[in-house]
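Every number here is computed from the coordinates shown, using simple stated rules; none is lab data. Treat the numbers as computed from the prediction; the structure is a model and nothing was measured. Backbone-built Cβ (ideal geometry, glycine too); neighbour counts: all protein chains shown.
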Amino acid sequence: MHRDSKIYVAGGQSLIGAALLGELESQGYGNLLGKYTEGLDLTDPSQVDAYFATTKPEYVFLAAGKSGGIEANRKYPADLMRDNLLTGCHILHSAFQHRVKKLLYLASSCSYPKHCPQPMKEEYLLTGLLEPTNEAYALAKIAGIKLCQAYRRQYGAPFLCGIPGNTFGPGDDFSGDDSHVIPGLIRRMHEAKQKKAPSFLIWGTGAPRREFIFSRDLAEACILVMNEYDEAEPINLGMGSDISIAELAMLLKEIIGFRGEISFDSSRPDGMPVKILDSGKLRNLNWKPRTSFRKALEETYQSFLRSEEKQDRGARTEIKLLTADRRPRPAEGRARTGDRRP
Ligand SMILES: NC(=O)c1ccc[n+]([C@@H]2O[C@H](COP(=O)([O-])OP(=O)(O)OC[C@H]3O[C@@H](n4cnc5c(N)ncnc54)[C@H](OP(=O)(O)O)[C@@H]3O)[C@@H](O)[C@H]2O)c1
């Protein structure tokens, strides 16, 4: 990519997409698309094609397609699968038709089998059954990888696939039940702190080890891959280090300032004991994360606090408007009556 190349980040408002736009900008790429695409429905092939025809991007990062934590996967398997299948399918086809110079499709580490040997190497994809709770989403992501490879095989299309680990960072979805592990823990623990709760319960034993990647570090890795990698085989995008859920909770306790006890409900299932990507190929491109895990968690917590403040301000404004609305306003009343006439 050159600094003036036209670069489209599909899903530019997502956690990963927004981090990509920010990182591209800070590296001096100035011709960016995807920040303001509200109203563009990527599941509609004609809208996607019209967007490519009008904007003519040269490089595409495909970070669209909805994702979520265990609860979101349990409650909305059809929505997650359909959204990822359709957005992937239409963007890849339009990118092919409009001859983009390179495209990076973002799959997910959920695409690996449930009982995958650890650390997970790219060649272990499709060697076993998937985790049933996220099978629908994972299959859509696998279909995306295979579609990239099929376009490459049949037409020589310059499509790449990256497999990010669990990503977190500023602007994450902190909404609660449907969130990923870190934003979900941040919200719940912050609420426990506010209520001065004596304890904070986590499902499982706390022993499972997981890998997380900070969205800004992932964005940097994606840009490097776009510039330096050109293989049909996917490339894992992970930190290369893991942490137990108990250790993660203790770190968050310090950062959030929660004073109660952390307890574990070991009657709940733990899932896989370890889940970590083998990111050797990425290391060979000379990438390593720039942000310490603690600093990344701190930034994410600060972003959560800002989003809470914004919501509070929004709620206060709404109350003010509602209160103002209840005051008698004869002129407006007349206008509204007039409006209702046929
Ligand atoms: N977060 C992770 O831990 C993680 C890990 C590995 C891979 N991934 C993958 O990386 C990509 C980005 O993840 P994320 O967590 O940043 O995503 P996200 O927060 O769930 O957001 C998905 C993005 O895609 C957009 N999008 C989805 N369907 C769309 C549609 N039909 N039309 C227009 N826009 C649509 C959303 O726009 P709206 O908000 O307007 O709907 C949003 O900007 C996803 O494909 C995900 O599967 C994520």
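At a glance:
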| quantity | calculated |
| --- | --- |
| Overall form of region 1-96 per C-alpha gyration tensor (a/c, 1.5; a/b vs b/c) | oblate |
| Unsatisfied cross-links (Cα-Cα over 29 Å) in the set Lys288/Lys310; Lys146/Lys275; Lys102/Lys295; Lys35/Lys253; Lys66/Lys101 | Lys288/Lys310; Lys102/Lys295; Lys35/Lys253 |
| Per-residue Cβ neighbour rank within 10 angstrom, fewest leading, Ile142, Ile182 | Ile142, Ile182 |
| Antiparallel DSSP beta bridges within the chain, as percent of all bridges there, nearest 5 | 5 |
| Region 89-149: translational diffusion in µm²/s, Stokes-Einstein, Kirkwood Rh over Cα pairs, 4 °C, 1.567 mPa s | 102 |
| Longest to shortest principal axis, alpha-carbon extents of region 115-195, angstrom | 58, 28, 22 |
| Alpha-carbon spread of region 34-145, three principal axes, descending order, Å | 45, 30, 20 |
| Pairwise FRET efficiency - Arg99 versus Leu126, Cβ, R0 = 30 Å, nearest 0.05 | 0.50 |
| Positive minus negative residues near Leu252 (Lys, Arg vs Asp, Glu; Cβ under 15 Å) | +1 |
| Relative pair counts by distance (%), Cα atoms of region 170-321, 10 Å bins | 10, 33, 31, 18, 7, 1 |
| Gap separating the Cα centres of region 139-181 and region 94-114, nearest whole Å | 7 |
| Spin-label model distance (nm) - Glu191 vs Glu71, 7 Å beyond Cα toward Cβ | 0.7 |
| Residue exposure sequence - Ile91, Ile202 - by fewest surrounding Cβ within 10 Å | Ile202, Ile91 |
| Under the span-like rule (Cα at least 27 Å along the axis, Kyte-Doolittle mean at least 0.0), DSSP H helices of the chain | 77-97 |
| Cα gyration tensor category, rounded, prolate or oblate, for region 127-169 with a/c compared to 1.5 | oblate |
| Volume per residue that the Cα convex hull of the chain spans, once the total is divided by residue count, Å³ | 179 |
